1. Any chance you could give the angle, 0 to 90 degrees and rounded to 10, that helix 17-27 forms with the longest Cα principal axis of the chain?
2. Give the relative contact order (percent, whole number) for segment 7-94; include only Cα pairs under 8 Å separated by 6+ residues.
3. Which of the peptides 400-411, 472-483 is most tightly packed, and how do the rest follow, going by the mean number of other Cβ atoms within 10 Å of each residue?
4. Pull up the DSSP beta bridges for segment 426-574 and report the antiparallel fraction as a percent, rounded to 5.
5. How big is the charge dipole of segment 123-272 about its Cα centre, in debye rounded to the nearest 20, if each Lys and Arg gets +1 on its Cβ and each Asp and Glu gets -1 on its Cβ?
6. Dipole of segment 256-354, Cα-centred, from +1 at each Lys and Arg C-beta and -1 at each Asp and Glu C-beta, to the nearest 20 debye?
7. What ranking, highest mean first, results for peptides 93-99, 35-41 when packing means the other Cβ atoms within 10 Å averaged over each residue?
8. If r is the Cβ-Cβ distance from SER573 to HIS34 and R0 is 35 Å, what FRET efficiency results, to the nearest 0.05?
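The values are calculated or read from the model by the stated rules, or taken from the named source; none is laboratory data. Because the structure is predicted, anything quoted here is derived from the model rather than measured. All Cβ positions, even for glycine, are placed from backbone atoms using ideal geometry, and neighbour counts span all protein chains on display. SASA here: full protein model, heavy atoms, side chains in, ligands and nucleic acids out. Shrake-Rupley method; radii C 1.70, N 1.55, O 1.52, S 1.80 Å.
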Amino acid sequence: MADRPLRSTKSYGKLDRDGFIHRSWIKATGLPDHVFDGRPVIGICNTWSELVTCQAGLRDLAGFVKRGVWEAGGVPIEFPAMSLPETQMRPTAMLFRNLLSMEVEESIRANPIDGVVLLGGCDKTTPGQLMGAASVDLPTMVVSSGPMLNGKFQGKDIGSGTDVWRFSEAVRAGEMTLADFMRAESGMSRSSGVCNTMGTASTMASLVEALGLSLPMNAALPSVDSRRKVLAHMTGARMVGLVKQDVRLSQIATREAFENAILLHAAIGGSTNAVVHLLALAGRVGVPLSLEDFDRIGREAPLLVNLMPSGKYLMEDFCYAGGVPAVMRELGERLRRDALTVAGLTQGEIADAAEVWNRDVIGALDTPIGPSSGVWVLQGNLCPQGAILKPSAATPDLLTHRGKAVVFETIEDYHARIDDPDLAVDATSVLVLKGCGPKGYPGMPEVGNMGLPRKLLAQGVIDMVRISDARMSGTAYGTVILHVAPEAEEGGVLALVRDGDEISFDGPNRRLDLLVEPDELARRRADWEASRAASPYVRGWYRLYIDTVLQADRGVDLDFLVGRSSADVSRESH
Ligand code: FES
C-alpha cells in the first residue's frame with residue numbers, strides 16, 4: 001500500500017457510481033479486485049508503431065516494464081501516443097513534436113495514473129514525450145528503444161545517416177556506383193533500434209541520462225541486447241518507488257541537471273537538434289535556460305567520445321566502452337555531481353561506479369578525442385536572436401570565412417538550381433537557404449546540410465559554409481550554420497540576403513554578419529513586405545502551429561504550451 005492517498009485512488013478508490021464505472025471497465029483487461037487497494041498505477045506511454053522501426057523493440061520492452069511494476073507492487077497500464085518516424089513523415093517529423101507533447105500531456109493528466117514510464121526513441125519522440133510529461137509533472141522515467149547494431153558494408157562498419165550523406169555525395173561526384181549505393185542501403189539498418197551514430201536519437205537518450213531521468217546505460221545498450229530488457233524491468237520496479245516517494249520530474253530536471261546535459265552534449269559531440277529540444281523542455285519545467293548557456297557550459301568539456309558524425313565509431317562500440325556513465329566519470333569535477341537521478345543516486349555516485357573499457361572510443365580529459373565541441377552560438381546582424389554551429393563536425397579552415405552569398409529562396413529553388421553548370425558559385429561562396437524555419441517550411445526540417453554543387457564536388461571540394469533557418473540531421477556534418485533566428489518567414493534579415501552579398505563568419509568570435517548597408521536593408525525590407533504572399537495553410541494543425549510556434553532560440557515550442565499545469569482534474573466524467 002502507498003503511504004498516502006494516490007492520484008489514482010480518486011478514481012479507483014471510490015465506492016460509488018463513479019468508482020464502479022472507473023473500475024468495471026478497466027477490469028475488462030483482466031485486473032482482479034485486490035489490485036484496487038490503493039497501490040500505485042503506473043502508466044506506460046508507448047510510441048511504438050510499425051512506422052518506426054527505430055522503436056520496433058518497444059512493444060517487447062513494455063512487457064518488461066510491466067514485470068517490474070508488478071514485482072514492486074504497482075499496477076501497470078500501457079497506453080499509446082503518436083509515433084513520429086523521422087524517416088517517413090513529411091514534411092518533417094519536427095512539425096509534430098509539439099503535437100505529440102500535447103497528446104502525452106493530456107493523456108497523463110486525464111487518466112488515473114500516479115507515475116509514467118515514457119517509451120520512445122526516434123528523434124522527436126523523446127523530447128515530445130518529455131515535454132508533455134513535464135507539463136503535468138508526475139514522477140517520470142524514460143526507457144529508450146536503444147541503438148541498432150553497427151551497419152555493415154563491404155567488410156566495414158557504416159553509420160546511420162552519416163554514411164548516407166557521404167555516399168550520396170560520392171555518387172554525385174562520380175566516385176561511387178549506384179549499385180554500390182543500393183547495396184549499402186541494405187547493410188545500414190540491420191536490426192531494430194535508433195540510428196547507430198551519435199545522431200539526435202542517441203544524443204537525446206544520452207541527455208536523458210544526464211538529466212537524471214533514466215537508469216544508467218539507457219542510451220547505449222543496443223536495442224537487441226538482453227540487458228535492455230533488464231533495464232526496462234528495473235525501471236518498472238523503480239517507478240513504483242518514485243511514486244511512493246512522490247519524486248516529481250521537476251525535482252530531477254533542475255538547473256543543475258540541464259547543465260549536466262549541456263556538458264555531456266559537448267563531450268559526446270551531440271546533435272545540434274538537442275539545443276531546441278532542451279530549450280523547449282526547460283521551458284516546460286520552468287528552468288531558466290538560454291542559447292548562450294550551450295556555448296558557455298559547452299566550453300567546459302572537450303570532445304570525449306569518438307563516434308560518428310564527429311568521430312569514427314558507433315553506438316554499439318560506445319556501449320561496450322562504458323556508455324554515458326563512463327563519460328560522466330571522465331568529466332570529473334566539471335560534472336554537477338550532486339544532481340539527483342531517478343535511480344536514487346546522485347550523478348556523482350553513478351559516475352564513480354563507472355569505468356572506461358576502450359580508450360579509442362572514450363577519451364580522457366587530458367587526452368581527449370578533440371577540442372571543445374559544444375555548439376557555438378553566433379550573434380550578428382544576420383541572426384539577431386542567434387544561430388548555431390557544431391564545430392566538431394565542421395572544417396577547421398572554414399570556421400573563419402568571408403564569401404559571397406549564393407541564395408536559394410526555397411528548398412525547391414535549391415533542388416532546381418544546385419547542379420546547374422551555370423550556377424555562379426565557387427568554393428569560397430556561402431550557400432544561403434531560406435524558408436526552412438519553424439513557420440516557413442513549416443516545421444523546421446533537417447535540410448540545413450544542403451549538398452554541394454555537383455561541379456564543385458567534381459573539383460574535389462568537400463565542404464563550404466552553408467547558412468539557413470533550418471535544422472540538420474544529428475548524423476550530418478559540415479560547416480553548417482543552422483537555426484538562424486528570426487527565420488526568413490518571420491521577416492528575419494535572412495529574408496533580405498541577395499546573391500552576391502558579402503557574408504562574414506567569424507566563428508572564434510561567434511559573429512555572423514551580412515555586410516550590407518542599413519539603408520539598403522531597409523529598402524529590401526519594404527520590398528519583402530510588399531511582396532509577401534498569403535499562407536496556403538488555413539486550417540488544422542498546420543495553422544495552429546504557424547500561428548503560435550516560437551523561434552529556435554525559444555526551443556520551437558508553441559507559445560501557449562510553455563510552462564506546466566498541475567496534474568489535478570477536479571471534475572468527474574459522468
Ligand atoms: Fe529514427 Fe534515426 S531515424 S532514430
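1. 70
2. 28
3. Final packing ranking: 472-483, 400-411.
4. That works out to approximately 40 percent antiparallel.
5. In debye, rounded to 20, segment 123-272 gives about 400.
6. The dipole magnitude comes to about 140 debye.
7. Most protected by this proxy first, the peptides run 93-99, 35-41.
8. For R0 = 35 Å, the calculated efficiency reads 0.90.
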